[in-house]
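Novice: Below is one structure. I have some questions about it.
The values are calculated or read from the model by the stated rules, or taken from the named source; none is laboratory data. Keep in mind that what you see is a predicted model, and the values were worked out from it rather than measured. Cβ sites come from the backbone with ideal geometry, for glycine too, and all protein chains shown count toward neighbours.
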Amino acid sequence: MRADAVITSTQYGRSQVVDRLGVEPERIYVCPPGAPTWRTLGRAPNVPADGCILFVGTLEPRKNVGTLLDAYERLLGRRPSLPRLILAGRATAAAGDWLRRIERAPFAGRVTQSRLRARSTT
């Protein structure tokens, strides 16, 4: 899977992504912890036209996926034009309730789960 952009929480993290991974600096955005600013974060061609909110991590209880879904649902009630939510990561056995939840309203068509694939090194 290739990303259109990389988001990190610090300038140091940004410099590490450039230095260690060779990602072009114009594809990396620093987004400090706190309220998101997806209206101003990034510009084409580095973000999809309709935008997205991306969660990357294993779908398991310690990652607070349920809390993320609760928050996204509250935001959808206030901002129907909210970007879609993508849950990118391996689903554990404990993720069943969340996966069933995203198939129903208000999440159906707004939240997707995508398992990340390891990149080949050959």
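Novice: Considering only residues of the range 7-60 that are of a type in the set (Lys, Arg) and at pLDDT 75 or above, which is nearest to the chain's Cα centre (by Cα)?
Specialist: Out of the qualifying residues, it is Arg27.
Novice: For the range 80-95, give me the residue count where each residue is closer than 23 Å to Ser9 by Cβ and either of a type in the set (Gly, Ala, Ser) or not in a strand (DSSP E or B) (or both).
Specialist: Qualifying residue count, the range 80-95: 5.
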